[in-house]
Structures are given as structure tokens and as C-alpha cells.
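The structure is given below, and queries will be raised subsequently.
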Amino acid sequence: MDTLRSMREKVLEITLRAYGEGLFAGTSGNLSMCDDSRKLVAITPSGVRYETMTADDIMVIDMDGAIVAGPHKPSSEWRMHTMILRARPDVGSVVHTHSPYATSFAVVGSAVPPILIEMVGFLGGDIPVADFEMPGSAELGAGALKSLEKRHACLLSNHGVIAIGKNIDQALIRAEYVEDAAKIYSLSLQAGKARLVPDEPLRKMKAKFGIRD
Ligand SMILES: [Zn+2]
């Protein structure tokens, strides 16, 4: 199977899994992965319903957004995706969701603090909130990049979630874990006073995963 075909099929598979998990609704959410040469990006199309989406609907663009293959427009967030992929050679995939528990913290403008020790391994620690920027803008990508310097995922103010990974499987797991942590934090706030992971074990875990902050 040629590379473009396998990339488009992989993006479709992960997109449908994320949609099935309720990480986004309607035609929102967008996912991308780049090829080994880091020149081509397979990305979800703009305005196509997930129920009927096939691998042929997945767009392939270059790092400047020019269409290489596919019958649609690429996701309106292609600038944010290519900006992150260009700036971060360690990142091969970007997953953007509007998952409801996490996005509720993006709406109130509150980071999800380190409440679970596993957040260090999956996400690099807490889930920070990037400042508000217009959807589709390069500024949205720049803001996300800043928040992702020491983290594997962040919230976009009044918008949603960005998770990155070396590949699309890892980026999806991180996006899923963002929603899981946000859900547990939300429930813990209703159950009582949420306690954070104590400083010492948090520091040890960060050292174990090579996270510098
Ligand atoms: Zn969005």
C-alpha cells in the first residue's frame, strides 16, 4: 500500500474512533499526521460528516496548506496543525477535540491541576490553558505551541483541546486522557475539596519522565 493511502486510512480510523468516543460532535474536531519526510500531512476535511467519511475524504496537504490529494478543503485549523508539526520535529500527529469535560475548563479558563499521578506520564503534568485566539488563525497555533513546550496537551480558551504525539495513536491516547482527567477533576470538585498530587512524588515522576519544570 502506498504511503498516502495508508496515512489517509490511519487518520480515518483514529478519527472515527475519537468521534465514537464523543471527543467531538457534528463536524468539529480535526486530526492530522505527517509522513516520515515531514513534508506531507494527512488531515481531516472541512465540513464532512463523520458518519459517511471514507479514507478518500481525508485530505493530503503540504506544510504550506497546498492540496496534494483529496476532493475537499482541508480542516479550517490546518494552519495550527502545520505550525505545530513544523516547529516540533518530535511530533508526528496533532489531535484537536472539543471533548466536553476538558472544554468546560477551557470555558472557565482554569487549568486542570495535577490531581492524578498518571497525568505526568500521559500529559507531562497539568493541563494548561492557552490564551484565546481566533479559530483557524496562525495565532491559535502559536499560542498552543507555547503551552505545549513542556506538556503533551493543552486547552484552548473557549474552544477545546490539543494533544500531540510522536504518532496519531499516541496523540489520541493523550486526547482521551485529557478528557478522563478533566472528568475526574470535575467530579472531584463536586465531591469535595480536590487534593493535588503531593509535591515530592510529582517531582520524582517528572524526573522519571524527563520533564523539566
Ligand atoms: Zn475546534
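For the chain, give me the percentage of DSSP beta bridges that are antiparallel, rounded to the nearest 5 percent.
Bridges in the chain that DSSP calls antiparallel: roughly 90 percent.
Grab the other residues whose beta carbon is less than 9 angstrom from that of residue 123, score K and R as +1, D and E as -1, and report the net.
Around residue 123, the surrounding residues sum to 0.
Here's another thing I want to ask about it. What is the sum of charges, Lys and Arg at +1 and Asp and Glu at -1, for the other residues whose Cβ falls under 15 Å from the Cβ of residue 203?
Neighbourhood net charge equals +1.
Okay, next question. Just how far, in whole angstrom, is the stretch 58-89 from the stretch 7-34 if you go by their alpha carbon centroids?
Cα centroid of the stretch 7-34 versus Cα centroid of the stretch 58-89: 15 Å apart.
When N counts the residues of the chain, how does its alpha-carbon radius of gyration compare numerically with 2.2 N^0.38 Å, as a ratio?
1.00
Please turn the phi angles of the stretch 56-73 into ³J(HN,Hα) values with the Karplus equation 6.51 cos²θ - 1.76 cosθ + 1.60 (θ = phi - 60°), one per residue in order, whole Hz, x for glycine and proline.
5, 7, 5, 8, 10, 10, 8, 5, 9, x, 5, 6, 9, 7, x, x, 10, 7
For every other residue with a beta carbon closer than 13 angstrom to the beta carbon of residue 135, add +1 if it is Lys or Arg and -1 if Asp or Glu, then tell me the sum.
-2
Run the paramagnetic zone check for residue 173: 7 angstrom along Cα to Cβ, then residues of the stretch 131-159 with backbone nitrogen under 15 Å.
Correct set: 152-153.
Can you list residues whose amide H is under 5 Å from residue 68's amide H, if they're 5+ apart or on another chain and H is modeled 1.01 Å from N?
Those qualifying (amide H under 5 Å, at least 5 residues apart or on another chain) are 60, 61, 62.
Say R0 is 22 Å: what FRET efficiency, to the nearest 0.05, do residue 131 and residue 193 get from their beta-carbon distance?
Efficiency for this residue pair is about 0.20.
What are the residues whose amide H is under 5 Å from the amide H of residue 92, where those residues sit 5 or more places off or on another chain and H is modelled from the backbone?
Close amide H contacts, sequence-distant or interchain: 165, 166, 167.
Now for a different question. What is the ratio of the Cα radius of gyration of the stretch 52-127 to 2.2 N^0.38 Å, where N is its residue count, to two decimals?
So the Cα radius of gyration is 1.41 times the expected 2.2 N^0.38 Å.
Something else: What FRET efficiency comes out for the pair residue 64/residue 27, r = Cβ-Cβ distance, R0 = 25 Å, nearest 0.05?
Given R0 = 25 Å and the Cβ-Cβ separation, E is 0.55.
Each reported figure results from applying straightforward, stated rules to the coordinates on display, with no laboratory input. Quick caveat, the model's predicted, so the values are computed rather than measured. Neighbour counts are summed over all protein chains in view; Cβ atoms, including those assigned to glycine, are modelled from backbone coordinates with ideal geometry.
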